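Enquirer: I have a structure here, written as structure tokens, and I will follow up with some questions on it.
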Amino acid sequence: MLIVMRDHATAEEIDHVVALLHEAGAEAHLSRGEVKTVIGVIGDREVMYSLELEGLPGVEQVIRVLKPYKLVSRDFQREDTVVEVGSATIGGGSFAVIAGPCSVESEDQVLATAKAVKAAGATILRGGAFKPRTSPYAFQGLGVDGLRLLREAADEVGLPMVTEVLDIRDAETVAEYADMLQVGARNMQNFMMLDELGRFRKPILLKRGLSATIEEVLSAAEYVLKGGNRDVVLCERGIRTFETYTRNTLDLAAVAALKSLTHLPVVVDPSHATGRRELVAPMSRAALAAGADGIMVEVHIDPEHAKCDGPQSLTPDGFEALMRELRPLASLVGARVGQEA
């Protein structure tokens, strides 16, 4: 249920409505605009519908929401959410560029990559310390040592850093090092993890699951917002279809759909979506044109010898070329790319 307050409703009127909702055992989440306040209500549907809320002072409209997600919807908040990650901004006309290696392999590798992507204009450093791999014999990451190397590299070049939380038991440790916590595609419906991350006060990058619908992505984000964390960024990273030429099928229609359904920022990961280095740049340009708020790309100083995802990783020169291609396109759509933002 959504309760739309009248223009310039007083604090006393809003507090009175919230108090009644709490008495009925419901949660009240407020979205305050310059003129209107919208109260998102979560609780027993029958109990909520039995309350006589329409006649309360300051209440303009009571909307019954049939969608499984409420707090992430544009019904709850019309204005776009802008997420701050350290010195970087995602949304609000800033086209964020998140770049770095798939996995941290060594101190020299991650530092050299960090310097290269920073010089080219990236706004956030990415890298994997804990790696979810299909094969138990594949490189699993350096763990806490990888987190330390990422943090040191990010600090040296002056970029915020995002890395994946693979297990909720590691979340506190990852949060000590990272500026943003990533939930990978395989964990998108790990509801215990999402619920716990809702209590964190660090931005969350939520990747779409391999076969997840748009509604399922938004419902997953709802878990985080319900816990109190409003700084969530959605990531389209391709879905699994019958096509085998690309690693996954990049669903750019989902970007436009999500932008109409939710106020949360949406970024695109063309590296995992395509799995092919030569497709990363054109799909990055397409993501910008489709209205995405940023991209997340893999960059490696020596892709031929990468321990993870070498075929889809850009070289530093390739990443610099991509940034040059994005800037004139961004000016056409009114966005600011990378460190120009």
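No lab work stands behind these numbers, since they all come straight from the coordinates. What you see is a predicted model; the values in this text were computed from it and never measured. Neighbour counts are summed over all protein chains in view; Cβ atoms, including those assigned to glycine, are modelled from backbone coordinates with ideal geometry.
Enquirer: Connecting C-alpha atoms closer than 10 Å in a GNM of the chain, tell me which of LEU288, LEU21, LEU149 has the biggest fluctuation.
Expert: Looking only at LEU288, LEU21, LEU149, the largest GNM fluctuation is found for LEU21.
Enquirer: Using helices alone, what [θ] at 222 nm do you get for the chain, with -39,500 (n - 2.57) per DSSP H run of 4 or more residues, divided over all residues and rounded to the nearest 500?
Expert: Values: 11 runs with 120 residues, N = 341.
Value at 222 nm, helices only, nearest 500: -10500 deg cm²/dmol.
Enquirer: Any idea what angle helix 11-23 forms with the longest principal axis of the chain, computed on alpha-carbon atoms, 0 to 90 degrees, nearest 10?
Expert: In the chain, helix 11-23 runs at an angle near 90 degrees to the longest axis.
Enquirer: May I ask you to derive the relative contact order of the chain, considering only C-alpha pairs under 8 Å and at least 6 residues apart, and to give it as an integer percent?
Expert: Values: 730 pairs, mean separation 57.2, N = 341.
Across the chain, relative contact order equals 17 percent.
Enquirer: Restricting to the chain, compute how many DSSP beta bridges are antiparallel as a %, nearest 5. Let's see the in-between values first.
Expert: On the way: 19 of 45 bridges.
DSSP beta bridges in the chain are roughly 40 percent antiparallel.
Enquirer: Let me ask you something else. When LEU250, LEU51 are ordered from fewest to most other Cβ atoms inside 10 Å of their Cβ, what list results? Write down the numbers at each step before the final one.
Expert: Values: LEU250 23, LEU51 19.
Ordered by Cβ neighbours within 10 Å, fewest first: LEU51, LEU250.
Enquirer: What size of dipole, in debye to the nearest 20, comes out for segment 83-340 about its Cα centre when the only charges are +1 on Lys and Arg C-beta atoms and -1 on Asp and Glu C-beta atoms?
Expert: That gives segment 83-340 a dipole magnitude of about 480 debye.
Enquirer: Roughly how tilted is helix 144-157, in degrees to the nearest 10 and between 0 and 90, from the longest Cα axis of the chain?
Expert: Computed tilt is about 90 degrees.
Enquirer: Let me ask another. Return the inverse of the average 1/r over all pairs of distinct C-alpha atoms in segment 2-63, which is the Kirkwood hydrodynamic radius, in Å to one decimal. Kindly include the intermediate steps, with their values, before the conclusion.
Expert: Details: mean 1/r = 0.0876 Å⁻¹.
Result for segment 2-63 stands at 11.4 Å.
Enquirer: Ranked highest first by the average count of other Cβ atoms within 10 Å around their residues, in what order do 174-186, 274-286 fall?
Expert: Per-residue mean Cβ counts within 10 Å order the peptides as 174-186, 274-286.
Enquirer: I would also like to ask the following. In whole Hz, with x marking every Gly and Pro, tabulate ³J(HN,Hα) for segment 323-335 from phi via Karplus 6.51 cos²θ - 1.76 cosθ + 1.60, θ = phi - 60°.
Expert: The phi angles translate into 4, 5, 6, 6, 4, x, 5, 4, 5, 6, 9, x, 10 Hz.
Enquirer: Please name which of ALA286, HIS29, VAL183 has its Cα lying farthest along the dipole of the chain towards the positive end, using unit charges on Cβ (Lys, Arg +1; Asp, Glu -1) and the Cα centre as origin.
Expert: Looking along the dipole axis, the top candidate is ALA286.
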